[in-house]
1. Name the residues in the range 96-114 that are touching a helix residue (DSSP H, G or I) at 6+ places or on another chain (Cβ under 7 Å) and among the small types (Gly, Ala, Ser), would you?
2. Report yes if some residue within the range 217-240 is more than 30 Å from residue 23 (Cβ to Cβ), of a type in the set (S, T, N, Q) and either at pLDDT below 95 or assigned by TED's automatic domain parsing to the domain that holds residue 71 (or both); otherwise report no.
3. Quick one: which strands (runs of 3 or more DSSP E) lie wholly within the range 1-73 and hold at least 1 residues that are out of contact with any Ser or Thr (no Cβ under 6 Å at 6 or more places or on another chain), touching a residue at least 60 places away in the same chain (Cβ under 8 Å) and surrounded by 15 or more Cβ atoms within 10 Å (Cβ to Cβ)?
4. Within the range 104-119, is there a residue that is in contact with a Phe, Trp or Tyr (Cβ under 9 Å, 6 or more places away or on another chain), closer than 18 Å to residue 286 by Cα and modelled with pLDDT of 95 or more?
5. Which of the following residues is surrounded by fewer than 23 Cβ atoms within 10 Å (Cβ to Cβ) and part of a helix (DSSP H, G or I): 233, 162, 211?
6. Anything in the range 74-126 that is crowded, with 24+ Cβ neighbours inside 10 Å and of a type in the set (D, E, K, R)? List them, or say none.
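The values are calculated or read from the model by the stated rules, or taken from the named source; none is laboratory data. All values reported here derive from a predicted model rather than from experimental measurement. Here the Cβ is made from the backbone with ideal geometry for all residues, glycine too, and neighbour counts use every protein chain on show.
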Amino acid sequence: MKRALITGITGQDGSYLCELLLAQGYAVAGLNEAPGVPPPSGVPVPDAVELIVGDLRDAESLRQAVAGFRPTEIYNLAAMSFVADSFNAPVASCDVTGMGVLRLLEVVRHTDPSIRFFQASSSEIFGKASEAPQREMTPFSPSSPYGVAKLFAHQMVITYRDSHNLFACNGILFNHESPRRGIPFVTRKITDGVARIKHGLTGQLSLGNLDTERDWGFAGDYVRCMHLMLQQDTPDDYVIASGQTHQLREFLDIAFAHVGLKWQDHVVVDPRFLRPSDISTMRGDIGKARARLGWEPTTAFSELVAIMVDADMQRVSAEVTK
């Protein structure tokens, strides 16, 4: 039986990946920094999952988790993943998101180098990209502490793959969303705001740069690619994206129209939500993943927005009627 250890199992990606692996007969364990705390995804961890106390900042806890569970695959999805926060807490962000990966790679190297390792890399490593779309070989130019930390981790995965012969892969994840996305993230902030406005709980939604363009996809599609990467004969790095870009205004158009509203009547731009340094237009080239893994996303942008709005409408409706 294959055995998977997932860091960040209580988050959006961790919950979808956990469901996928359990359905395929895996034994699954999750690294859990804070036992008893409700998962940020809002989705309870299945009873079949073994939760192991561990922290990416604590090498010994990682060693004990790996030695005790004996995984055949590790999916490192944990990070301080809210980019804006990394400007306010750069040291903590780099310790978890960057050094945490190095600690985990060291544990794999010394405990069981046969373990297959997936690292959730990020399109933020491209930052102010020199070309579009961005491919696996596009030059890196991160513009946030989070992006710099992700690039450190990305390069360490390559270094350990080349120097220590580990089966270690980077999935360069572009923005991916779902009803399980944390509310601080702009897409979920919008769909939650739409639901609250529609239910009369508020009349206004404050956002930052409405001209932002991103390559947005569905998290449930992206975890399939993560899994496929670790089933190959040789390890490699892949862009995981939708291959399309949309302005935040498009997201607003679809989200508000889905409940019969116009976003222009409710959205205000608040300078507090502007990044100190924003990145350029991001669009991933998924040609390599399509050709070598046979993977491509199946959820359209408009469908993704509608799914998120419907989920938040249902959740807020339940709150109102309590």
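1. Answer for the range 96-114, where residues must be touching a helix residue (DSSP H, G or I) at 6+ places or on another chain (Cβ under 7 Å) and among the small types (Gly, Ala, Ser): just 98.
2. If we filter the range 217-240 for residues that are more than 30 Å from residue 23 (Cβ to Cβ), which is where we start, we get none.
Among the residues of the range 217-240, not one is more than 30 Å from residue 23 (Cβ to Cβ), of a type in the set (S, T, N, Q) and either at pLDDT below 95 or assigned by TED's automatic domain parsing to the domain that holds residue 71 (or both), which makes the answer no.
3. On the way: elements: 3-7, 27-32, 50-53.
Here the list reads 3-7.
4. To start, the set of residues in the range 104-119 that are in contact with a Phe, Trp or Tyr (Cβ under 9 Å, 6 or more places away or on another chain) comprises 104-106, 108-109, 113-119.
Narrowing further to those that are closer than 18 Å to residue 286 by Cα: 118-119.
Cutting the leftovers down to modelled with pLDDT of 95 or more gives us 118-119.
Yes, the range 104-119 contains at least one residue that is in contact with a Phe, Trp or Tyr (Cβ under 9 Å, 6 or more places away or on another chain), closer than 18 Å to residue 286 by Cα and modelled with pLDDT of 95 or more.
5. Values: 233 fails: part of a helix (DSSP H, G or I); 211 fails: part of a helix (DSSP H, G or I).
Only one candidate passes the filter, namely 162.
6. 124
Okay, residues lined up against (1) of a type outside the set (Val, Ile, Thr); (2) in contact with an Asp or Glu (Cβ under 9 Å, 6 or more places away or on another chain):
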site: 149; (1), (2): yes, yes
site: 155; (1), (2): yes, no
site: 160; (1), (2): yes, yes
site: 165; (1), (2): yes, no
site: 174; (1), (2): yes, yes
site: 188; (1), (2): yes, yes
site: 212; (1), (2): no, yes
site: 216; (1), (2): yes, yes
site: 219; (1), (2): yes, yes
